[in-house]
1. Out of the residues in segment 142-167 that are within 16 Å of the chain's Cα centre (by Cα) and surrounded by fewer than 15 Cβ atoms within 10 Å (Cβ to Cβ), state the one that is farthest from ARG68 (Cα to Cα).
2. If you scan segment 52-70, which residues turn out to be touching a residue at least 40 places away in the same chain (Cβ under 8 Å), more than 17 Å from GLN96 (Cα to Cα) and among the hydrophobic types (A, V, I, L, M, F, W, C)?
3. Between a first residue in segment 79-96 that is on the phi < 0 side of the Ramachandran plot and a second residue that is among the β-branched types (Val, Ile, Thr), which pairs have beta carbons less than 8 Å apart while being 6 or more apart in sequence or on different chains?
4. Determine whether ASP70 is under 30 Å from LYS123 (Cα atoms), part of a loop (DSSP other than H, G, I, E, B) and within 17 Å of the chain's Cα centre (by Cα).
5. Consider only pairs whose beta carbons are under 7 Å apart and that are at least six residues apart or on different chains; among these, list those whose first residue lies in segment 114-135 and is at pLDDT below 90 and whose second residue is of a type in the set (S, T, N, Q).
6. For GLY103, all conditions in the list (1) under 22 Å from VAL17 (Cβ atoms); (2) outside any helix (DSSP H, G or I) hold save one; what is the number of the exception?
7. Please specify each residue of segment 10-45 satisfying the condition of being in a helix (DSSP H, G or I), touching a Leu at 6+ places or on another chain (Cβ under 9 Å) and buried (at least 17 other Cβ atoms within 10 Å of the Cβ).
8. Just to verify a result, which residue in segment 106-124, among those that are assigned to a loop (DSSP other than H, G, I, E, B) and not hydroxyl-bearing (Ser, Thr, Tyr), is surrounded by the most Cβ atoms within 10 Å (Cβ to Cβ)?
Amino acid sequence: MAEHHAPALDPNDPRLVEVNDPADIFPELESTAVGDLLRWHNLPESRGSMPLSSARARLLVSMCMDHRADLIIPNEFAYILRSAGGTLRDSDFEVQYAVAVGGVTEIALLAHTDCGMVGVSGKRAKFVDGLVARGGCTADFANNEFDRFSTLYEQHDVVAFVVHECRRLEAMLPSLRATPLLYRVADDKLLQIRTTL
């Protein structure tokens, strides 16, 4: 099977809203932990108001395990869960624990551009070869693992995925605010996502 690459997100996608000024932050996020995240991460001039430590977690962040994504936030500001594609599908207990015991009332779910889980079903050869070469596995084992997991992690539209995941979490925990965001790898900026157009 031929390898194929993930399609690039359209930079003019009307769902995506940049934050280049405090006034760009959606009004419903202005006085929230997600609003602080957007200010501190995207706006260098706002970092002067960023404390060294928040003393307790105010936010749960779910993001991809991708090594190119890193957040500018104070120590102790957020619990951060990382997984392939940023999915929380198998992490409901961790989310519930962060809410019930950790005391967070907001979640930020971050998709990102150029995600390896987009089109993952077309990456069999690379996965198998890499697992054999660097993991010491047999080709049969690597093929079986790919068959077992690739469809669970496959994404086609990262923006639609993260919006859907937010809705799933809010249905599970109706008092919670779950906010979808997009991390743009090219410039390390967070973009807001319009969930209705």
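The values are calculated or read from the model by the stated rules, or taken from the named source; none is laboratory data. Bear in mind that the values here come from a model prediction, so they are computed numbers and not experimental data. Every residue, glycine among them, receives a Cβ derived from its backbone with ideal geometry; neighbour counts consider all protein chains shown.
1. ARG167
2. Within segment 52-70, CYS64, ALA69 meet the criteria.
3. TYR79/VAL61; TYR79/VAL104; ILE80/VAL61; LEU81/VAL61; LEU81/VAL95; LEU88/VAL95; VAL95/ILE107
4. Considered against the rule, which asks whether it is under 30 Å from LYS123 (Cα atoms), part of a loop (DSSP other than H, G, I, E, B) and within 17 Å of the chain's Cα centre (by Cα), ASP70 comes out as yes.
5. Hits for this filter: CYS115/GLN155; MET117/GLN155; VAL118/GLN155; VAL120/SER150; SER121/SER150; SER121/THR151.
6. With (1) under 22 Å from VAL17 (Cβ atoms); (2) outside any helix (DSSP H, G or I) applied to GLY103, the lone miss is (1).
7. Listed by number, the residues that qualify are LEU29, ALA33, VAL34, GLY35, ASP36, LEU37, LEU38, TRP40, HIS41, ASN42.
8. It comes out as MET117.
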